Amino acid sequence: METSRRRMLVGGLAALLAAQFLYGILTLATLHKSYRLSLLSVQAIACEKLGLDLSRLARFGKAPERVENMGGRVHHFCEVSGVSRLVVRGAEGQDIASWPVDGMEAPAVPQRESALKTLRNEVKEFTADGVIWLVQPVRDRTGQPVGSVIAGFDEASMTKRLTQAASEQGLLFLGIAALGGVLFILLVLREGRPPLPRLGKGCLIIPLIVSQLCFLFFLRGPVGSFLEDNAREAGVQLGRYIGQDVRHIDDLGLALREVPSIRQYLAQMRETLPWAQSITVRDTEGTAYTTGEPGAALRAGVPVPLSDGRTVSVDIGLSERFVGAAFRSIAYDTLTIMIIAMLFMLELVPLQTMNRNTEPVEGRSALSPRIMRPIIFLCMFAIDLPASFIPLRIAEMDLGLLGLPADVVMGLPLSFEMCTVGLAILAGGFWSQKWGWRPLLLWGALLVTLGNTASGLVTDSLSYILARGGSGFGYGLINLAGQVFVVSHSTPQNRAGNLSAMIAGLYAGFLCGSAFGGLIADNLGYASAFLVSAVCMGCIGVLLRFLMPREPWVPEASGSSRIALRELAAFFTDRRMTGLLLGNIFPCAFVTVCLFQFFIPVSLSQGGVSPAGIGRVFLVFCLVIIYLGPLFGKAVDNSADKHAWLVAGGFLCIGGIAALLFFDGLTAAFVSVALLALCNSIVASAQGTYALEMPAAARIGSARTMGIYNVAERLGQMLGPVTLGQVIALWGVNSGLFGMAAVFVALNLLFALLGRLPAKDGS
């Protein structure tokens, strides 16, 4: 008892400290992102302005290399607009002028369109040597590029401010971390004793919730002040830029009232800046030219002196909604971290009872089948860190692969990954007969580590697709190892419940991994999330190698010998087995992957939802399976009609397709994901149990049956993304979804009919 208490103290404190440290890092990352977005948007306006000015000269035959005193123009522009690094290049890529003169040399602009991100009209963003650069083309009267303007975004001051903010709140973080730790220790020591009732796992959850809410409460003020100061700084820079144009108008001898397009100019400026609620320019006569919604509580004013001594004022109203959105992002991150930390602590509690060496008891292993749940949880956490953006990662590369449509190419990484998952399960079904589950688990961990490392490092689409294949093969071995372990350590009476418990752990890992991976990608990029996944999987593999129990492996008697082709043919020609494979296993897997892991993330990303936001949509799917899956597993175990459960699950899957046709945006995503989760909560436990109860399964053995079952499932998962991508490319989104729904309604009805027909042996 005392040993268990000590283990809980050590593990719980580690989880609490990790959660609090992670929260601090992500808070700084969110502030960095908000700060960067507002300042970068102003820099983009300045870069575009100079590029358009040079384009006007180019249309009159003045190419950038022929413009007089270009160095002085660049210097003056940088002083006025606040741009720290600026380079003007000619048509041949030669530098014509730069500021500062002895500053960092600007890199070559990437030629791949996927390496450039559009910020504003023709202004593109790219990163080189850790520095953010903006590029705006200079075009002549024919529209051909004759040069470019390249501006470097200096993050030094921003990093300095963030470091200062972090140091100012360091004591607060330490204090709340200590508070959470002390509360946890007191609860564990007093658990089950008066005056405390028996808290159980509440000892882990209560300190976590208290500490994270305290963080959120005490940081509201400092974070809000930081964001407001950031917005004011961006507003001042925008006011200086507008003031430059106002002075130019005055130098031409024109008053603002004589420029009919002044309000249109201000409106176009504000539309591209989400943090600018209003822009007001007040001329020397007191006339105000306003766009947007005046009356903002946050404001930034800039006086603009004219050549004759008069002053024009530029006032920027700053959106409190933008500041609030940044803080809500921090709150969402807090919620995500709380869920991840709670699941980690709750899922890993059973590992405290795992012994390294286990002797069989009365011919059976002493290991509980439930021990696989935390092991699968850890593996899936590492594997699924990049799960929410596998198709988005290839969008950063060249999509012109083999002349295929872009929608099809985006679906290929996931399809090939699912294909190799199926191959791994098919091969692993035979390997497990000889070696058991443990070698499959370890080899799978190694392959996932290598595959995700390659996925983060490669830069071309073909290599990325192949890397996903390696990772998929490793995932397939891990998944099969878990199933073989649970089936071999279960009785027919509790098999469905134990499988559903393992699947709940699988999806808990998926939830934590995809949500955490979304946070990483949101702040560090997609490639970084793959590399973090590889490191985590490698560490987990090493731990499993040395800490996982060893046990003797006895192959199934029915599966120890080679299987005859006649027996295999009889397996596939069994009417009920055929109906299960083609009418339920394949369609449910097809729809789940092509919608949940392909269509929904891609459509949400195209709609402007961040990777972190997509990860939160995945949260609904996983929470439903984690907490409803075991309940459905018990219901299936106690039900004599598992076929009816599977038919109901099939119609829930079809409902997931229909939701995307009847709803829009995030509402469609949430409803579809919830219905798909309910479907998988049922079929995940019922399909395997239903298959193993058939006479056809008894003839070839449970391991081979589970292998074939998984191959059918992975075949659906493999074909889903690429098929839907091709259909969308040919007929559009709605037609593709409607056609898929119609086909799977027919297949589910066929399964319902075949399941009621008697088998060949009369059963």
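Within the group Ser639, Ser685, Ser681, which residue is more than 16 Å from Thr592 (Cβ to Cβ) and small (Gly, Ala, Ser)? Ser639 is the lone residue from the list that is more than 16 Å from Thr592 (Cβ to Cβ) and small (Gly, Ala, Ser).
So, in segment 438-456, of the ones that are within 22 Å of the chain's Cα centre (by Cα) and aliphatic (A, V, I, L, M), which residue ends up surrounded by the most Cβ atoms within 10 Å (Cβ to Cβ)? Per the criteria, the residue is Val448. How about segment 666-695: which of its residues are buried (at least 22 other Cβ atoms within 10 Å of the Cβ) and either more than 23 Å from Ala508 (Cβ to Cβ) or of a type in the set (Phe, Trp, Tyr) (or both)? Across segment 666-695, the qualifying residues are Tyr690, Ala691. Within segment 220-253, being within 22 Å of His75 (Cα to Cα) and not in a helix (DSSP H, G or I) holds for one residue alone: Leu252.
Residue count for segment 477-490 satisfying the condition of being over 13 Å from Ile503 (Cα atoms) and at pLDDT 85 or above: 1.
Quick check on Tyr464: is it under 18 Å from the mean Cα position of the chain (by Cα), within 23 Å of Ile340 (Cα to Cα) and touching a residue at least 60 places away in the same chain (Cβ under 8 Å)?
No: the conditions fail for Tyr464.
Report every pair of residues separated by at least 6 positions or lying on different chains whose Cβ atoms are under 7 Å apart, first residue within segment 513-532 and of a type in the set (Asp, Glu), second assigned to a helix (DSSP H, G or I). These pairs meet every condition: Asp522/Pro611; Asp522/Ala612. For segment 51-73, state whether one or more residues are surrounded by 18 or more Cβ atoms within 10 Å (Cβ to Cβ), farther than 29 Å from Arg36 by Cα and of a type in the set (Gly, Ala, Ser). There is at least one residue in segment 51-73 that is surrounded by 18 or more Cβ atoms within 10 Å (Cβ to Cβ), farther than 29 Å from Arg36 by Cα and of a type in the set (Gly, Ala, Ser). Within segment 254-290, if we keep just the residues that are crowded, with 16+ Cβ neighbours inside 10 Å and of a type in the set (Lys, Arg), the residue that is nearest to the chain's Cα centre (by Cα) turns out to be Arg270. Is it the case that some residue within segment 302-317 is touching a residue at least 24 places away in the same chain (Cβ under 8 Å) and within 11 Å of Trp275 (Cα to Cα)? So far as segment 302-317 goes, yes, one or more of its residues are touching a residue at least 24 places away in the same chain (Cβ under 8 Å) and within 11 Å of Trp275 (Cα to Cα).
Sub-7 Å Cβ pairs linking a first residue in segment 260-281 that is of a type in the set (Phe, Trp, Tyr) to a second residue that is surrounded by 14 or more Cβ atoms within 10 Å (Cβ to Cβ), at least 6 apart or interchain, are Trp275/Ser38; Trp275/Ala231; Trp275/Ala234; Trp275/Leu318; Trp275/Ser319; Trp275/Phe322, ordered by first then second residue.
The values are calculated or read from the model by the stated rules, or taken from the named source; none is laboratory data. A quick note: this is a predicted structure, and the numbers were derived from the prediction, not measured. Here Cβ is always computed from backbone atoms with ideal geometry, including for glycine, and neighbour counts include all displayed protein chains.
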